[in-house]
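Notes for the one structure printed next.
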Amino acid sequence: MEKNEYNPLNRIPVQALSLRLARTPIRMQHASTWRIDKINPVHDLVFCLGGTARYRIGEDNFRLGEGEAMLIRARERFRGVHGGGGDYTGVAQHFSLNLFGRSDLIDQMTLRRSVRLRDWQVLKPLVAHYRAMAATTSPTLVQHHQFMVLLLAFLEQAFVNWREEGELLATQDQLSLQIMLIASRLAADPLAEDGLETALDSVPYNRDYFRRAFRDRIGMTPQKYLELKRMEYAVHRLGLGQSVKETAAELGYSDPYFFSRMFKQYIGASPSSYRLKRTARSRYQFVE
């Protein structure tokens, strides 16, 4: 499997992921006598807002300070003590992140144990606000969205690679991961020459079996999914003022009428009418 050098969740189909917060945020405010020794049944992501703590997880020993985040995987025993100085403050969140509702996506990743968040000045107010919301009795929709932002920021820096254990290739977890990666690859470059064939050649499964599994999870075949992403790309080009004929040619359609039928099938409007509406809207906003 190829390594994504940027955010590992970029371009993953929205419907592929389901985030569950196992409880409300845990507001941390620990004095010098604080210590912990436990095992959680779900993953735990910890953000430090102030002070320090020393942790031991497995064979790893490290210190967590302001602007740093740490992942404790489900069923991992961890020990922590106050790191000295003032109160150790921050917020922790128990969560699970499932892929197609079937497998734990975090378990499919090799991740750094902890990271110093490079965008801390931007993220710090969000972490502080998230901590302040911890008094709610159950996770809210707003908390789900806010935590996803924080989780993505952590994963972007902590991600090393996707697990590549050959003995797992036949499992449903690994199949779901392969489907997610292929969908991401097609969405990233929908105009690539022979992109679909190249992508399907890279999967260690029978093609017919993989196509059925892809349709089961994504809701359409790889071919239909690629066509959808190509039409979404066309939406972008038309929105920039490109003509229907130019857009059709860029996508490789020699017949603009055939392109128009495809566009309407996936987007629900003809490219010409879509372009006119966008142009009129832009003029209206300019006048405003």
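Descriptive notes on the structure:
- Only one entry in ILE106, ILE36, ILE12 is in contact with a helix residue (DSSP H, G or I) (Cβ under 6 Å, 6 or more places away or on another chain) and over 21 Å from PRO125 (Cβ atoms), namely ILE12.
- Among the residues making up region 16-31, those that are over 30 Å from MET180 (Cα atoms), in contact with a Phe, Trp or Tyr (Cβ under 9 Å, 6 or more places away or on another chain) and surrounded by 13 or more Cβ atoms within 10 Å (Cβ to Cβ) are MET28, GLN29, HIS30.
- Against the criterion of being of a type in the set (Phe, Trp, Tyr), modelled with pLDDT of 90 or more and within 14 Å of the chain's Cα centre (by Cα), PHE154 qualifies.
- Taking region 187-276 as the region of interest, the helices (runs of 4 or more DSSP H) fully inside it that hold 3 or more residues being assigned by TED's automatic domain parsing to the domain that holds SER176 and of a type in the set (Phe, Trp, Tyr) are 207-218.
- Only one entry of PHE62, PHE47, PHE78, PHE100 meets the criterion of being at pLDDT below 95, surrounded by 13 or more Cβ atoms within 10 Å (Cβ to Cβ) and over 18 Å from the mean Cα position of the chain (by Cα), and that entry is PHE62.
- Output for region 191-232, where each listed residue is free of Cβ contacts under 8 Å to residues at least 40 places away in the same chain and of a type in the set (Asp, Glu): GLU193, ASP194, GLU197, ASP201, ASP208, ASP216, GLU227
- LEU177 vs. criteria more than 21 Å from GLN108 (Cα to Cα), touching a residue at least 12 places away in the same chain (Cβ under 8 Å) and hydrophobic (A, V, I, L, M, F, W, C): no
- Tally of residues being in contact (Cβ under 8 Å) with a residue 24 or more places away in the chain and more than 13 Å from LEU117 (Cβ to Cβ) across region 57-90: 21
- Flag if LEU9 is surrounded by 15 or more Cβ atoms within 10 Å (Cβ to Cβ), within 22 Å of LEU175 (Cβ to Cβ) and not assigned by TED's automatic domain parsing to the domain that holds GLN143: yes
- Hits in region 103-127 - residues which are modelled with pLDDT under 95, more than 15 Å from VAL160 (Cα to Cα) and surrounded by 15 or more Cβ atoms within 10 Å (Cβ to Cβ): SER103, ASP104
- Qualifying residue in region 230-237 (condition: at pLDDT below 90, closer than 30 Å to LEU97 by Cα and surrounded by 14 or more Cβ atoms within 10 Å (Cβ to Cβ)): no
- In region 174-225, residue surrounded by the fewest Cβ atoms within 10 Å (Cβ to Cβ) [restricted to those that are farther than 22 Å from SER18 by Cβ and of a type in the set (Lys, Arg)]: ARG207
The values are calculated or read from the model by the stated rules, or taken from the named source; none is laboratory data. Computed from a prediction, not measured in an experiment: that's the story for all the values here. Methodologically, a virtual Cβ is constructed for each residue, glycine included, from the backbone with ideal geometry; neighbour enumeration extends over all protein chains shown.
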